[in-house]
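Below is one structure, written out as structure tokens, with a few remarks after it.
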Amino acid sequence: MTRTKLGLLGLCAVMAMSVGAAQGATYKWLILNSSKTTATELKASVAGKAESTHLVFDGEVAGLKIAITCTSFTLTNFNLEIGGKLTEGGKATYTGCKVYKTAPLTEEYKCTVKTTGAAVGTIETNENKGQLTLNEGELQMKIEPKAGPTGNFATLRFEGAECVLPELNQLHGTIYFKDGEGSLTKHKLEHLIEASKSSLLYIGGHSGKQLEVTKILGNAWFSLTGEHNGLEWGVLSTP
């Protein structure tokens with residue numbers, strides 16, 4: 001396919017988004033083959049790498065501000081599926097995690113952080129599910145626990161002889177991920193993914209304050225792996 005034809009393909013995708021948003025659109029993943037002439041079959045495995053020095057979870061526990069930082073992460077059973085979905089049952093594992101009192105990172109709590117059964121500094125999420133959706137006027141990925149928004153993303157354990165934080169803390173809610181470069185409808189090898197402002201997260205009890213203070217900071221590059229390694233991918237919207 002020539003560069004001109006590819007440009008027209010991208011233009012058609014954007015136009016379809018504009019029309020589809022008003023009329024009710026279908027969003028689906030589109031992966032181009034190595035010659036960029038046809039779409040390859042799904043499903044496609046996704047891998048990620050942190051762009052920021054730290055991925056930060058900013059929130060509050062028992063009235064105390066916390067900032068959990070992790071240096072890297074891996075994805076398990078995280079795939080692009082037919083129908084604009086992500087594989088139900090996918091997980092993320094974060095490593096090199098520490099807990100601070102605030103972000104920016106100034107003072108560390110005398111606590112370690114982990115999830116049950118994991119090594120110190122390792123947080124493994126429970127099974128998730130995901131779907132492309134229109135949010136904040138743009139296409140985003142909606143991620144929530146497999147059981148739905150009232151389900152549990154992960155149970156954070158804060159431990160230590162001098163730790164002042166509650167030991168067990170459940171993380172609930174819904175996360176909306178967007179392309180940080182606004183290019184989810186463009187076909188690229190990598191997409192810069194970050195949490196949108198409309199993500200609704202809370203630790204422990206649901207409250208307006210928890211939803212306001214709980215955030216995910218930082219971003220990461222997502223690319224395809226396995227048999228789809230090295231292929232460009234994005235989203236196509238059709239009315």
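Taking H as built 1.01 Å from N, whose amide H comes closer than 5 Å to the amide H of K186, not counting residues under 5 places away? HN-HN under 5 Å from K186: V235.
How big is D, in µm² s⁻¹, for the range 147-206 by Stokes-Einstein at 37 °C and 0.692 mPa s if Rh is the Kirkwood radius over C-alpha pairs? The partial results should precede the final answer.
Numbers: Rh = 14.0 Å.
Estimated via Stokes-Einstein, D reaches 234 µm²/s.
Label zone of C163 (point 7 Å out along Cα→Cβ, amide N under 15 Å): in the range 97-115 this covers 97-101, 108-115. Of the GluC sites (Glu not before Pro) found in the range 57-150, the ones in coil according to DSSP and having at most 12 other Cβ atoms within 10 Å of their Cβ are E107, E136.
Would you kindly calculate the translational diffusion coefficient of the range 39-143, applying Stokes-Einstein with the Kirkwood radius from alpha carbon pairs, for 25 °C and a viscosity of 0.890 mPa s, and quote it in µm² s⁻¹ without decimals?
Details: Rh = 15.5 Å.
Approximately 158 µm²/s, per Stokes-Einstein.
Net length available on complete extension from L105 to S35 is 20.7 nm, with 0.36 nm assigned per residue and the Cα-Cα distance removed. Sparsely packed loop sites in the range 155-191 (the GluC sites (Glu not before Pro) outside DSSP H, G, I, E and B with at most 15 other Cβ atoms within 10 Å) comprise E162, E167, E181.
On a full-extension model of 0.36 nm per residue, what is the gain between T238 and T71, subtracting their alpha-carbon distance, rounded to one decimal in nm? Walk me through the numbers before you get to the answer.
On the way: separation 167, 0.36 × 167 = 60.12 nm, distance 3.80 nm.
Using 0.36 nm per residue and subtracting the Cα-Cα distance, I get 56.3 nm.
Between the range 43-70 and the range 106-181, the alpha-carbon centres lie 8 Å apart.
Computed from the coordinates by the stated procedures, all read-outs in this text should not be read as laboratory data. The shown structure was predicted, so the numbers you read here are calculated from the model rather than taken from an experiment. Neighbour counts are summed over all protein chains in view; Cβ atoms, including those assigned to glycine, are modelled from backbone coordinates with ideal geometry.
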